[in-house]
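The values are calculated or read from the model by the stated rules, or taken from the named source; none is laboratory data. Owing to the predicted nature of the structure, the values given are computational and were not obtained by experimental measurement. Backbone-built Cβ (ideal geometry, glycine too); neighbour counts: all protein chains shown. Accessible surface areas use protein heavy atoms only, side chains included; no ligands, DNA or RNA. Shrake-Rupley method; radii C 1.70, N 1.55, O 1.52, S 1.80 Å.
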Amino acid sequence: MSTADISAAGTSTAGVSTPAAEASAAGASAAGTEVLGQAAASARTAGRSGGVAAFARLLGSELGLTFRRPRNLVMLALLALVPVLIGVVVRTFGSDGDAGGIVAATAGNGLMLTFVSLYVLVPLLMPVAVAVVGGDAIAGEANAGTLRYLLTAPAGRTRLLAVKYLNAVVFSLALTVTVAATALITGLALFPVGDVTLLSGTTVTMAEGLLRTLLIVGYVTAGMAALAAVAMALSTLTEIPIGAVAGTVVLIVVTQVLRAIPQLDWLAPYLLPTRWTGFDAVLRDPVATSDLGQGLLAFCAYTVLFGSLAWARFTSKDITS
Amino acid sequence: MRTGKLVRWGVPVAAVAVIGAAVAAGPVIAAVGADPVLPERTASRLLADAAAAARRSDGPPPMSGTVTKTASLGLPQLPGGPESPAALLSGAHEAKVWYGSHDRLRVALPGEMSEKNLIVNGEQAWLWDSSSNTATKIKMPAGEGQPVTPQPTDLTPQQAGERLLAEADRHSTVSVTNTDRVAGRPVYQLVLTPKDPATLVREVRLAVDGETYVPLRVQVYAKGSAEPAFELGFTEIAFEPPAEENFTFTPPQGVKVEEKDLGSLRPDERSHEGHKQEDPPVKTVGDGWGTIAVLPFDRASAAEGEGRQVLDSVLAGATPVSGSWGSGRIVKSKLLTALLTDDGRLLVGAVTPDRLIEAAGTR
């Protein structure tokens, strides 16, 4: 963005009286950065423990906003409904016919409903929910005109980005736990409970089955957190939150389509959605740790790559709204 | 400001570089990290050592690992799902293998949210398919499961190696390299380069473990492509006795259990008598790498159901050709060429289309 753009945008919002707005209204984006720099410096002098407390406070208020927002709560509730729906359908209509082995196994053991539900939701619906929260992170503030105020607080852009990302990660965890927990409760209520049969045909105790469920929740959360980084990177590129959300969803759909093309089989291992359903490695005997490790490495790579993109863009861009 | 911005954007660029390097060069780093130091071996010596190792013990040492098959034959896309046999002709497939001894084996084929298992333990074997929730118990006849390896008992390993090599030498140039790694293990690679210029095969590479002489990988390279057209080999391997649980199987509760005798799984043996006269007489033309198989082929009655679909879709993409012998359709892949003539002959060989058309003229 050129200085001319800045001054134009700055003048249009010059009515708002904040230090940052005044700075950009003055026509010098460098001055704005200076103000932020001073703010960050003063935050640094406040000491390490103070910094951590401020960070926690910021994260706390961010989480409060996220989990009080009706839109997010509706998404959580809708996704929590899916396991209940699957459970009721399997219970009512039985699992005969062409139902896959894992769906059939649900009728025999309630714990399987957790795996089935995650398997159904992980390719598209859960990522969409995460994309909404991640895509809204920066662009939402910019759109509402609140990003400037956030940056005048002595927090610094890097820290703000970190808080926004952690917020999306916590939402991913909450989403996965919600789905898994409703599936577990529904499964326990509707189906017999006991030893769990793994995909390899080995039977493990209920306790180990629950432990493996925990592992799956961790893995799926990591996968969703990687997607949150992608959504966050897109969010720093635009001031229209719906653009970042839609962009992320389009990316998910496009990669899912690419995966379905047999000629592009060689590409599949590098695509994020391929790794999401990789949690079935936990349900094998012995646990396919190398597959699991590769999935986690892929999530790590995506998080680092898109996280650094978001950081580079956000810390070097001129904030005008 | 300007330089600050540049430095900031340097971070994601560095991230791309690091991730790209890790993805692309993972195997290279492993290979460069420690150059395998295997003593030099001539081809005949290597084969002799391998034969000796095969005879010394009862089969290969205990191991477990992952076997991957990759085929990029350049075939047209075949109908049928990923579970159909036709799907094996393209793409990558993975299997996990646990090998205890010649009668203790487990092979697992992982699928998305499913798994197929074959567990062999002594005279009992189980087939487990999680997608249909069925376990099949197979009775193995006593003595079955012995490795079906050639038993050149009247030859010393040295002689066996030389004899094999003489056979290979007639049609190929044989060389040995000792600087490669497969699944992290130093290997000898036996490279066979066909002498026949008409074949589509550039070379075949067989990697043999430098310590145990277990074959770890086979690669077939087609002419004109740098990547192997077909590859089957270990991507992970550990020469340690696998955990005993791998070889025991108890059918889980609520699972369909079927029992089968190994005899009933081999219908071809019983019905062989009746079919004997109908067996197509296969002729061959040429020898070595240029061998062409000629068999009668009736398109109408050859295949039904899914096979029919596959055939039709393959023929739809075939090139019509003609010669003094008549006309037909030719299908070319990277490694194999097939010619179906209108007078009902099928010619298949790892040769160029020209050679196949030429062979169609010789009755």
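Within the range B:153-176, the set of residues being open to solvent by less than 40 Å² (accessible area, probe 1.4 Å) and modelled with pLDDT under 85 comprises B:LEU155, B:PRO157, B:ALA160, B:GLY161, B:LEU165, B:ALA168.
Hey, among A:VAL196, A:VAL170, A:VAL217, A:VAL204, which residue is among the β-branched types (Val, Ile, Thr) and crowded, with 23+ Cβ neighbours inside 10 Å? Walk me through how you get there before you give the answer.
Details: A:VAL170 fails: crowded, with 23+ Cβ neighbours inside 10 Å; A:VAL217 fails: crowded, with 23+ Cβ neighbours inside 10 Å; A:VAL204 fails: crowded, with 23+ Cβ neighbours inside 10 Å.
Step by step, each of A:VAL196, A:VAL170, A:VAL217, A:VAL204 is checked, and only A:VAL196 is among the β-branched types (Val, Ile, Thr) and crowded, with 23+ Cβ neighbours inside 10 Å.
Out of curiosity, is B:ALA360 at pLDDT 75 or above, part of a helix (DSSP H, G or I) and over 26 Å from the mean Cα position of the chain (by Cα)? Taking the combined requirement at face value, the residue satisfies it.
A single member of B:THR212, B:THR193, B:THR179, B:THR250 is at pLDDT below 90, farther than 19 Å from B:ALA92 by Cα and not in a loop (DSSP other than H, G, I, E, B), and it is B:THR179. Any chance you could count how many residues in the range A:259-280 are more than 22 Å from the chain's Cα centre (by Cα), part of a helix (DSSP H, G or I) and over 12 Å from A:PRO123 (Cβ atoms)? Number of matching residues: 3.
Of the residues making up the range A:133-147, those that are open to solvent by 20 Å² or more (accessible area, probe 1.4 Å) and in contact with a helix residue (DSSP H, G or I) (Cβ under 7 Å, 6 or more places away or on another chain) are A:ASP136, A:GLU141, A:ASN143.
Would you call B:VAL257 within 21 Å of the chain's Cα centre (by Cα), of a type in the set (A, V, I, L, M, F, W, C) and at pLDDT 85 or above?
Values: within 21 Å of the chain's Cα centre (by Cα): no; of a type in the set (A, V, I, L, M, F, W, C): yes; at pLDDT 85 or above: yes.
Against the criterion (within 21 Å of the chain's Cα centre (by Cα), of a type in the set (A, V, I, L, M, F, W, C) and at pLDDT 85 or above), B:VAL257 does not qualify.
Against the criterion of being modelled with pLDDT under 85 and either farther than 21 Å from B:LEU315 by Cα or buried (at least 17 other Cβ atoms within 10 Å of the Cβ) (or both), B:GLU94 does not qualify.
Considering only the range A:271-290, I want to know if a residue exists there that is more than 14 Å from chain B (Cβ to nearest Cβ) and hydroxyl-bearing (Ser, Thr, Tyr). No - not one qualifying residue is present in the range A:271-290.
If you check A:ALA229 against the conditions, is it out of contact with any Asp or Glu (no Cβ under 6 Å at 6 or more places or on another chain) and open to solvent by less than 40 Å² (accessible area, probe 1.4 Å)? Don't jump to the end; show me each part of the working.
Values: out of contact with any Asp or Glu (no Cβ under 6 Å at 6 or more places or on another chain): yes; open to solvent by less than 40 Å² (accessible area, probe 1.4 Å): yes.
Against the criterion (out of contact with any Asp or Glu (no Cβ under 6 Å at 6 or more places or on another chain) and open to solvent by less than 40 Å² (accessible area, probe 1.4 Å)), A:ALA229 qualifies.
Considering only the range B:107-126, how many residues are within 9 Å of chain A (Cβ to nearest Cβ) and either open to solvent by less than 20 Å² (accessible area, probe 1.4 Å) or of a type in the set (Ser, Thr, Tyr) (or both)? Talk me through it step by step, then tell me what you get.
Initial filter on the range B:107-126 (within 9 Å of chain A (Cβ to nearest Cβ)): B:108, B:110-115, B:117, B:119, B:126.
Cutting the leftovers down to either open to solvent by less than 20 Å² (accessible area, probe 1.4 Å) or of a type in the set (Ser, Thr, Tyr) (or both) gives us B:108, B:113-115, B:117, B:119.
Of the residues in the range B:107-126, 6 are within 9 Å of chain A (Cβ to nearest Cβ) and either open to solvent by less than 20 Å² (accessible area, probe 1.4 Å) or of a type in the set (Ser, Thr, Tyr) (or both).
If you scan the range B:317-326, which residues turn out to be more than 22 Å from B:ALA229 (Cα to Cα) and under 33 Å from the mean Cα position of the chain (by Cα)? Residues satisfying the conditions are B:PRO320, B:VAL321. Here is the figure for the range A:113-129: residues that are open to solvent by 10 Å² or more (accessible area, probe 1.4 Å) and either over 20 Å from the mean Cα position of the chain (by Cα) or more than 13 Å from every other protein chain (Cβ to nearest Cβ) (or both) total 3. Restricting the first member to the range B:340-351 and to residues that are at positive phi and in a strand (DSSP E or B), and the second to residues that are open to solvent by less than 30 Å² (accessible area, probe 1.4 Å) and of a type in the set (Lys, Arg), no beta-carbon pair is closer than 6 Å while six or more apart or on different chains. Quick check on my filter: what residues within the range A:293-321 are closer than 22 Å to B:VAL18 by Cβ, among the hydrophobic types (A, V, I, L, M, F, W, C) and more than 8 Å from chain B (Cβ to nearest Cβ)? If the condition is that a residue be closer than 22 Å to B:VAL18 by Cβ, among the hydrophobic types (A, V, I, L, M, F, W, C) and more than 8 Å from chain B (Cβ to nearest Cβ), then A:LEU296, A:LEU297, A:ALA298, A:PHE299, A:CYS300, A:PHE306, A:ALA310, A:PHE314 are the ones that fit.
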